[in-house]
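First the structure, in the form of structure tokens, and then the observations on it.
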Amino acid sequence: DTAVSQTPKYLVTQMGNDKSIKCEQNLGHDTMYWYKQDSKKFLKIMFSYNNKELIINETVPNRFSPKSPDKAHLNLHINSLELGDSAVYFCASSPSIGPGGNTIYFGEGSWLTVV
Amino acid sequence: DQQVKQNSPSLSVQEGRISILNCDYTNSMFDYFLWYKKYPAEGPTFLISISSIKDKNEDGRFTVFLNKSAKHLSLHIVPSQPGDSAVYFCAAKMDSSYKLIFGSGTRLLVRP
């Protein structure tokens, strides 16, 4: 009964390859996110979609392309992988913004290692 | 440019005692603050939150205090239990924004 699920959990791939990470949420939320946890352990937002529309696009190389086929899914595709892309990628979701803010729920993470 | 700072990378506490985790922020526009707990190889789990219109929010053993004038918040865990050992992230956002800004985390170790 995982609320936010992402696959694969672990991925080891060579430089230059293209890979995708899939994410699904069953919470009925309108908003989904991709966060990256780098080697210094900071969690930083990459993208956010609200009802399939891109609403946040941080300074991320255009080799990273999110795709939201519907509001329950947000996939992350990465082209021409580089060593520096090695990190943990977290998918998350939340209700639409309301008074008092909104709580974001995270998936378990996808550990990407580029060799 | 870290808008949310957790200056203590680690904290060790005896079981049964109080754990106090601190967080400072620089952006006075933040009006919603959250604490997340993270175990190894898992995603962050929401713990407790507080709105800027309050100075305290309590949920069982967890209490968050907010001092807006000092731009400081803290998470108190009483009594601490070994299962509380994890990394705790402070996060902040503006009400009108979807963007959650995280601190670098504090690793809490509760010794039996």
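The values are calculated or read from the model by the stated rules, or taken from the named source; none is laboratory data. What you see is a predicted model; the values in this text were computed from it and never measured. FYI the Cβ positions are ideal-geometry reconstructions off the backbone, even for glycines, and counts take in every protein chain you see. Please note that ligands, DNA and RNA were not included when accessible areas were found on the heavy atoms of the full protein model with its side chains. Shrake-Rupley method; radii C 1.70, N 1.55, O 1.52, S 1.80 Å.
Within segment A:79-112, being of a type in the set (D, E) and away from chain B (no Cβ under 14 Å) holds for A:E82, A:D85. For segment B:51-59, the criterion of being open to solvent by less than 60 Å² (accessible area, probe 1.4 Å), small (G, A, S), outside any loop (DSSP other than H, G, I, E, B) and within 13 Å of chain A (Cβ to nearest Cβ) is met by at least one residue.
Residue count for segment A:36-78, restricted to those that are within 10 Å of the chain's Cα centre (by Cα) and within 8 Å of chain B (Cβ to nearest Cβ): 2.
If you check B:F46, B:F102, B:F89, B:F33 for being open to solvent by 40 Å² or more (accessible area, probe 1.4 Å), of a type in the set (F, W, Y) and facing chain A (nearest Cβ under 9 Å), only one passes: B:F46.
If you take the residues in segment A:2-36 that are of a type in the set (V, I, T) and at pLDDT 95 or above, which one is most open to solvent (accessible area, probe 1.4 Å)? Don't jump to the end; show me each part of the working.
Of segment A:2-36, the ones of a type in the set (V, I, T) are A:2, A:4, A:7, A:12-13, A:21, A:31.
From the residues that got through so far, the ones that are at pLDDT 95 or above too are A:4, A:7, A:12-13, A:21.
Working: A:V4: 6, A:T7: 82, A:V12: 105, A:T13: 8, A:I21: 6 Å².
The selected residue is A:V12.
Against the condition closer than 18 Å to A:K44 by Cα and open to solvent by less than 50 Å² (accessible area, probe 1.4 Å), how does B:G83 come out, does it pass? In short, no. Each residue in segment B:60-71 was checked for being assigned to a strand (DSSP E or B) and open to solvent by 50 Å² or more (accessible area, probe 1.4 Å), and 2 pass. Taken over segment B:23-50, residues that are small (G, A, S), touching a residue at least 12 places away in the same chain (Cβ under 8 Å) and either touching a strand residue (DSSP E or B) at 6+ places or on another chain (Cβ under 6 Å) or part of a strand (DSSP E or B) (or both) amount to 1.
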